[in-house]
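Novice: Sharing a structure below in structure tokens format, with a few things to ask.
Please treat every number below as a calculation from the coordinates, not as lab data. If you're wondering where the values come from, they're calculated on a predicted model, not measured in any experiment. Neighbour counts are summed over all protein chains in view; Cβ atoms, including those assigned to glycine, are modelled from backbone coordinates with ideal geometry.
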Amino acid sequence: MNDDFEKNDRGDLFSKPVRAGKRTYFFDVKSTRGNDYYLTITESKKRFSEDGRFTFEKHKIFLYKEDFDKFLEGLNESIQHIRQHAPEPPPSAPSASSDVQFEDLG
């Protein structure tokens, strides 16, 4: 069996973490007791409490193989809609350091 897909005791077959800014997404391939594969997608965000301690807030989706095509169709359509219709972000304001001229440096 390939080491990348070696099953552990919890039914985990493969995991792909994706860091995106303040969030991390985990794509985990798992199997049921009947050896049926499914995917979990977990969003994890680090949260700080008032006393300075942190915890991880997690949201999870279970996606079963019979739903992959419909899920991908909806995901792709939604992403395409955002790319076509979302307003352009405003141009970022120039920083104070970018306004300095060489003559100003003395």
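Novice: Quick one: if you stick a label point 7 Å off each Cα along the C-beta vector at Ser78 and Tyr64, how many nm between them?
Specialist: Spacing of the two 7 Å Cα→Cβ label points: 2.0 nm.
Novice: Please go through the residue pairs Lys45/Lys70; Lys16/Lys60; Lys22/Lys65; Lys22/Lys60 and name each one whose alpha carbons sit more than 25 Å apart in this structure.
Specialist: Table pairs above 25 Å Cα-Cα are Lys45/Lys70; Lys22/Lys65.
Novice: While we're on this one: Set the Förster distance to 25 Å, then compute FRET efficiency between Phe56 and Leu13 from the Cβ-Cβ distance, nearest 0.05.
Specialist: For R0 = 25 Å, the calculated efficiency reads 0.65.
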